[in-house]
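A quick write-up on the structure given underneath.
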Amino acid sequence: MTSCFTGSHRWIEAKATARWEMLRQHVEDGVPLTVLAGEHHIGLRTLQRWHQSFKLHGKPGLEPVAPGKRGRRMPSEFVNLVEGLALAKPPRTTAAIHEQVNKVALHQGWAPVSYSTIRSIVGEIDPGMMTLAQQGTAAYRDKYELVWRRRAERPNAVWQADHTELDILVFDASHQPVRPWLTTIMDDYSRALCGYMIFTGAPSSLNTALALREAIWPKKTAYWPMCGIPDVLYVDHGTDFTSHHLAQAARDLHFEIIFSTVARPQGRGKIERFFGTLNTELLARLPGYLHSVPNPKPGLSIGELDTALEEFIGQNYHQREHQEIKETPQKAWQGNGWLPRLPETIDELNLLLLTVAKPRIVHRDGVHFQGLRYISPLLAAYVGESVILRYDPRDVAEIQVFHRGQHICKAVDPTHERATVTFKDIQKARSARKRQLRGQIKERIATVAEFLPAGQPPTEPTQPDPAAHPTKKTKLRTYAEDE
């Protein structure tokens, strides 16, 4: 009897030791259980059960039940039933599952089970499976899916662009309180802010272009050396980022636009963390911060906020060590010295970024665009030809004309040659014209209603009665012929 007991004890110890040696790779070295399951040809559920038992009881929890001591084996349908009830929506308590399962067991002729058995089975369910079943795909993705955290290989290889509505009130140009927006352009490698734009109103492709213009062109301050054209611009699916304007600018400046997956912002955490830093370290100490006091009042103009932001980024954020890259953003961007890609002139950059390209045909009286007519003596040689117009949405009094990639001339609208005409001006003029036409239409309709009251069909003009007014017959005069 003693030898039998000793043999059984040794078998239990050997099994527990073997299980621990296998599980140690996960506990101490972080090897995923899925990898261990494949290498050792053991079910993932089994490894998860061992791991759970180890966490609760330590190494003794890895000891198997000795042969001859096992209780009555539960059918596989029983375990599936317990797990199915635990995964179903709405969520059930363990007590409710225990009660429901024992009712089924009684009906099926199974032995009743204890509450602890139910709790053990529920506890061994894969947490990811439980989250997916109870909370859905989004919660599972955010908690369990792997995120590929990758740093660009060098400065200007990848830039990220994003917008945020700042948690502060400022005065706009009309001295009215507004909550401004911020567009930022961040270099992925160095975490440096290459450029930004503060504005009021909704984000637009023009505001994005202005932020890119500042990011690309060299700055005048020594503490802000970041500049150049990126290889890739990483953006979300906002309408301003998906606009034809930005796509055309990317083609002209030779960089690629990559869009993040819709409703999946995991890859945008770097720029989101900067927004958090900005809120806590700068905006929180400025007047008008939304979370400082109830009903905050603005204390800065949008220009003053712009100045404060420039100083914070250039003299603070760029000069301190970033905890992820272990050096300052400015030092990481500068490296050992290198030359970024740049446009030849600021005028070329303005032309490509701040103007919109549209195809048109040259007519004998000029180029027609947005209800205006643009003329230039140099267009005479291109009548009937297709050209590309580039215009600044902020001022459409003049346009730049290109033919087969070559700049031809600057054409002007003669009615606004010395004035600044914006799209808003054109829209106002169009609206005024429509109001004028609608007024004329109403006037005509009122006249119709006056002469033709509702419900009365128009009368046909009266035809004269032929009998009342007989037509006079022309008498035929005959003449005698000379014989």
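Per q in 0.17, 0.20 1/Å, what log10 I(q)/I(0) does a Debye calculation on the alpha-carbon atoms of the stretch 279-406 return?
-0.93, -1.11
Quick one: of LYS297/LYS331; LYS59/LYS103; LYS219/LYS331; LYS220/LYS331; LYS219/LYS326, which pairs are farther than 27 Å apart, Cα to Cα? Intermediate values should be presented prior to the final figure.
On the way: LYS297/LYS331 38 Å; LYS59/LYS103 36 Å; LYS219/LYS331 16 Å; LYS220/LYS331 18 Å; LYS219/LYS326 25 Å.
From the list (LYS297/LYS331; LYS59/LYS103; LYS219/LYS331; LYS220/LYS331; LYS219/LYS326), the Cα-Cα distance tops 27 Å for LYS297/LYS331; LYS59/LYS103.
Quick check on the exposure proxy: order CYS227, CYS194 from fewest to most C-beta atoms within 10 angstrom.
CYS227, CYS194
To one decimal place, what orientation-averaged projected area in nm² is obtained for the convex hull of the Cα set of the stretch 158-334?
One quarter of the hull surface, i.e. the mean projection, equals 10.4 nm².
For the stretch 355-421, just the Cα atoms, rotate onto the principal axes and tell me the three extents in Å, largest first.
27, 22, 17
Could you list ILE229, ILE361 in order of exposure, starting from the residue whose Cβ has the fewest other Cβ atoms within 10 Å? Display every interim value, and only then the final one.
Numbers: ILE229 19, ILE361 12.
Final ranking by Cβ density, sparse to dense: ILE361, ILE229.
Values in this text are rule-based calculations from the coordinates and carry no lab data. Quick caveat: nothing in here was measured; it's all calculated off a predicted structure. When we count neighbours, we look across all protein chains shown, and the Cβ atoms used for this are built from the backbone with ideal geometry, even at glycine.
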